[in-house]
1. For the structure I just gave you, tell me whether B:LEU172 is at pLDDT 95 or above and either surrounded by 20 or more Cβ atoms within 10 Å (Cβ to Cβ) or among the hydroxyl-bearing types (Ser, Thr, Tyr) (or both).
2. Within the set of pairs 6 or more residues apart or between chains, which connect a residue that is assigned to a strand (DSSP E or B) inside the stretch B:186-209 to a residue that is basic (Lys, Arg) and at pLDDT 95 or above with Cβ atoms less than 7 Å apart?
3. Look through the stretch A:95-110, keep the residues that are free of Cβ contacts under 8 Å to residues at least 40 places away in the same chain and more than 7 Å from every other protein chain (Cβ to nearest Cβ), and return whichever of them is farthest from A:LEU76 (Cα to Cα).
4. Considering the stretch A:309-324 alone, what residues qualify as being part of a helix (DSSP H, G or I) and within 27 Å of A:ALA233 (Cβ to Cβ)?
5. For A:LEU173, only one of the following conditions fails: (1) of a type outside the set (D, E, K, R); (2) in contact with a strand residue (DSSP E or B) (Cβ under 7 Å, 6 or more places away or on another chain); (3) away from chain B (no Cβ under 11 Å). What is its number?
6. Could you list all residues from the stretch B:67-94 that are part of a helix (DSSP H, G or I) and either among the acidic types (Asp, Glu) or within 14 Å of chain A (Cβ to nearest Cβ) (or both)?
7. Looking at (1) under 23 Å from A:LYS42 (Cα atoms); (2) free of Cβ contacts under 8 Å to residues at least 60 places away in the same chain, which is the one condition that is false for A:ALA311?
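The values are calculated or read from the model by the stated rules, or taken from the named source; none is laboratory data. Since we're looking at a predicted model, the values are computed, not measured. Cβ sites come from the backbone with ideal geometry, for glycine too, and all protein chains shown count toward neighbours.
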Number of protein chains: 2
Amino acid sequence: MRFRRLPKNIDEGKGVYNMSFDRLIRKIISMKNPTVAGLDPKLDYVPEYIRNEFLEADGETLKAASKAILRYNQLLIDALCDIVPAVKIQAAYYEMYGHHGVKTMERTIRYAHLKGMYVITDGKRNDIGATMEAYTAAHLGSVSIGSSECEPFGADALTVNGYLGTDGISPLLGVCKERDKGIFVLCKTSNPSSGEFQDLLIDGVPLYARMGDQCEAWGKETIGEYGYSGVGAVVGATYPEQLTELRKRLPHTLFLVPGYGAQGGGAKGIAGAFDENGIGAIVNSSRAIMCAYKKEGCDERDFAEAARREAIRMRDDLAENAHF
Amino acid sequence: MRFRRLPKNIDEGKGVYNMSFDRLIRKIISMKNPTVAGLDPKLDYVPEYIRNEFLEADGETLKAASKAILRYNQLLIDALCDIVPAVKIQAAYYEMYGHHGVKTMERTIRYAHLKGMYVITDGKRNDIGATMEAYTAAHLGSVSIGSSECEPFGADALTVNGYLGTDGISPLLGVCKERDKGIFVLCKTSNPSSGEFQDLLIDGVPLYARMGDQCEAWGKETIGEYGYSGVGAVVGATYPEQLTELRKRLPHTLFLVPGYGAQGGGAKGIAGAFDENGIGAIVNSSRAIMCAYKKEGCDERDFAEAARREAIRMRDDLAENAHF
């Protein structure tokens, strides 16, 4: 950990900003761990003893599956919350169980907050104008009902897709500034075919870098204490060269880095994602942590401790090989 | 209506395909109406008498709001189902009310199906590999729970964002083929800043056209009775030139056309979206139909009939000016 304190960013007349990623970065620094644990809970991942308990009570239903997943998530959070700063909730795996699954998503977010974790909803949402305002209210903001203000999901950050341009991003920038929230815009994703569009060259500059440049532009009003704005970028661990290139190109853009472990991105390749202070990125691992008990071959009732062991292994791997 | 019957596409040994968009196109032809009614229900759009009924019963809560919206949607569907072939469910406006809102989304889809309507979920979903499979199962497919198979949302088609390339689309192609479903990939969206990325030129070809070319490639295994594949494209009514250009470039790609009415796209500009048989596009209108009673200034209890009047006006406008 080579972090040095950077000059504070003073909001005129209001004192110090508390931008969303400041909170996240502070947690990363205090835990000496730039990991986010992905909670992408397929029912198959849930140990049988938990699955059986709920399926026996509620039958083979979306409701039973969703309750089993909530229990699984809670036990994982209990095992991780003092060593991992954040969780990433992959919306697809909750939607897969209908509104019951979405209820589990809500409750998982609340539980992670109760345990002091920072929550990133990985929804890759995108739309325009009033519709993007609705997504913003749903995931990061609140909704007026009569004279009451209700917070539907209340995550700290949301992943978004910028293909629609500024109209799709600007509705989010207000909450980043006013409500201490953040977004991560897809730039260079970790999958094999990400280059089909993202690597296309426009006047010699790949599309992912143009998207990155826009992240810098969108974030310029929300640069916080550590030099990073409320607008981050998703850049895959599977593309180490682009990670290093983008780190230099986008000095105010925090990176969410998927693809470590299961997708083949190693810790050495991630080194380029961090700045000279050892910050600037948070690295995701989902299946390797959630299903560590399967890989270890330990008793399934030990799944949460196995997840913790894998999270510690990953933290130490990042410290040693990514020079975090 | 200048539709001529095209040669049937025969699946070897299995007889005639029933591809998703065949069902939709058949409905459009039989109703002589290429309109999809968008159900993007902000609570403010719901007439006060409905809002009050539910808010009095359940308080100023996400649950009460969601129940009020369900009632509103059902009455709109009742008023539209014999003249409008399809509804488009904008997921953002349901997520905005948390899991209660998502329950209303499920029930709205079921109700629309009961009334014989084709349902497009407008979620603009995107992710890779196993995660995109989860979205596919959620919105168009089914999920295994023990020995049971559950269908979470069960829409007929889903809008998706192709920025992640083929890895993000291929998990959907199986359901398009096997389960009689369809997708619409964002190509040229209707918003003012859509050109920021979508109009960027790669070797002289704009990104939206490259995305369109991929739609043709992704769809080539699922070309149905009318010459259109299960992979459609979203192309905004606000860009008539691009609509016309893309219609010629993408002969097997059905267009979902947002931006008619409220966003400023007129029926004349949409003419280019249709092929020489008068098919090839479905045009969305959301607010203009849902809130017709506000524009008309009629009694709010007449909201559903006002929506029907607006849907008829739009159908006749498209027939006259878009030469549908």
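1. Numbers: at pLDDT 95 or above: yes; either surrounded by 20 or more Cβ atoms within 10 Å (Cβ to Cβ) or among the hydroxyl-bearing types (Ser, Thr, Tyr) (or both): yes.
Here the answer is yes, as B:LEU172 does meet what is asked.
2. B:LEU186/B:LYS124; B:ILE202/B:ARG210
3. A:HIS100
4. Start the filter on the stretch A:309-324 by keeping residues that are part of a helix (DSSP H, G or I), which leaves A:309-321.
Once the filter is applied, which keeps residues that are part of a helix (DSSP H, G or I) and within 27 Å of A:ALA233 (Cβ to Cβ), the stretch A:309-324 yields A:GLU310, A:ALA311, A:ARG313, A:MET314, A:ARG315, A:ASP316, A:ASP317, A:LEU318, A:ALA319, A:GLU320, A:ASN321.
5. The single condition A:LEU173 does not satisfy is (2).
6. To start, the set of residues in the stretch B:67-94 that are part of a helix (DSSP H, G or I) comprises B:67-80, B:92-94.
If the condition is that a residue be part of a helix (DSSP H, G or I) and either among the acidic types (Asp, Glu) or within 14 Å of chain A (Cβ to nearest Cβ) (or both), then B:LYS67, B:ALA68, B:ILE69, B:LEU70, B:ASP78, B:ALA92, B:TYR93, B:TYR94 are the ones that fit.
7. (2)
Table: residues versus (1) more than 13 Å from chain B (Cβ to nearest Cβ); (2) at pLDDT below 95; (3) within 22 Å of A:VAL84 (Cα to Cα).
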residue: A:ALA209; (1), (2), (3): no, no, no
residue: A:CYS215; (1), (2), (3): no, no, no
residue: A:GLN242; (1), (2), (3): yes, no, no
residue: A:LEU250; (1), (2), (3): yes, no, no
residue: A:TYR260; (1), (2), (3): yes, yes, yes
